[in-house]
Structure formats: structure tokens, C-alpha cells
């Protein structure tokens, strides 16, 4: 059995056999990741993985084996793709934190999502939260990502993210007493 680097070299040189082997291997890996981390996306997993694999093959020349394993690189592309899809409002479940606990809100239409996003943005603006910090909060509370997923996306440690988010929540609550 060929390792990833051998498969990648074959794909780059134009081998359809290597492309098919790499495609089948990573299709399983990516679908399993979605099932494990994003159970609510299982029905869409085939479509998502197809889109991601196209991106992977289109950008395979950009892969640098010195920086990441191929699996890590592929999972990064998958995570970014999922974030992009959430931002396009293709996924109908969003999360936001109430003052007491995490509440799952099922939005029936884009208007409800927009209202919640605008409300969240106004809370952040009132508290003078930077755009980067707003992005962290949005990923955590609007899109429901875990600290581990945000860390993989941003490169910031989970501890730093957790501390930053806690600080920002206090800042928002101080500047928005009605929240």
C-alpha cells in the first residue's frame, strides 16, 4: 500500500490510479470526521466531502509536507469549507449562549438568522469588541464550533481561546446590562 506522499506524487504527475486511491482513502476519512464532530451534517456529508475533495485536488500543489501531514491539511480544508457553508446560511442550526445556559435555536428562515447575527453584532459593538474577537465569538456561539475546532482554524491554542472568550463575555455583559 502506498503512503500519502507517494499517492500525492502520483496525483501531481497525473496518475489517475493514484488520484482514485487518494480520493477513496480521504473520502472515508473526511466523512468519518463529519460524523464524529458534526452529527447534524451527516445527511449533507457526501456533498460536503465531494466539494472539499475537489478543492484538495485543485490545490494539491500547494500542500507542504514540511508544515503538516496530508490528513491535517485536508481536515483544515474541510473545517474551513464547513465554516464557509455556515456563513452562507446553508446549515439551519445555529447556537447562541443565553445568560444561563447554551440554547439550541432552530431557525426556520434566513430572517431569523440575520436578526440573531445582527443582535449579536450590536452587543459586540457596544462593548468595543474587535473584529477578530467578534469572529471568535461568532464561531463559538453563532456557529457552534468547539474551542478545538476554532483552534485548528485559527492556530490559537484552546486555552488562549477559552480565556479570551471568557474575558469578552464579561466585557459584553458589563457594557450590555440587559444581556
### Global form of the stretch 4-87, assessed from the alpha-carbon gyration tensor, a/c cut-off 1.5
prolate
## Note on the structure
Residue span residue 61 to residue 47: 0.36 nm per residue of separation minus Cα-Cα distance leaves a gain in nm of 2.7 nm
### Task
For an R0 of 30 angstrom, estimate the FRET efficiency from the Cβ-Cβ distance between residue 24 and residue 148 and round to the nearest 0.05.
0.65
### Query
residue 125 to residue 167: FRET efficiency via 1/(1 + (r/R0)^6), r the Cβ-Cβ distance, R0 22 Å, to the nearest 0.05?
0.85
### Task
Could I have the simple spin-label model distance between residue 31 and residue 71, label points 7 Å from Cα toward Cβ, reported in nm to one decimal?
1.8 nm
### Message
What does the extension gain come out to for residue 3 and residue 54, with contour length at 0.36 nm per residue minus their alpha carbon separation?
### Response
16.3 nm
### Query
On full extension of the chain, what length is gained from residue 160 through residue 17, given 0.36 nm per residue of separation minus the C-alpha to C-alpha distance?
47.1 nm
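Readers should treat all values here as calculations from the given coordinates under stated rules, not as data from a laboratory. Since this is a predicted model, take the numbers as computed values, not measurements. All Cβ positions, glycine included, derive from the backbone under ideal geometry; neighbour counts span all protein chains shown.
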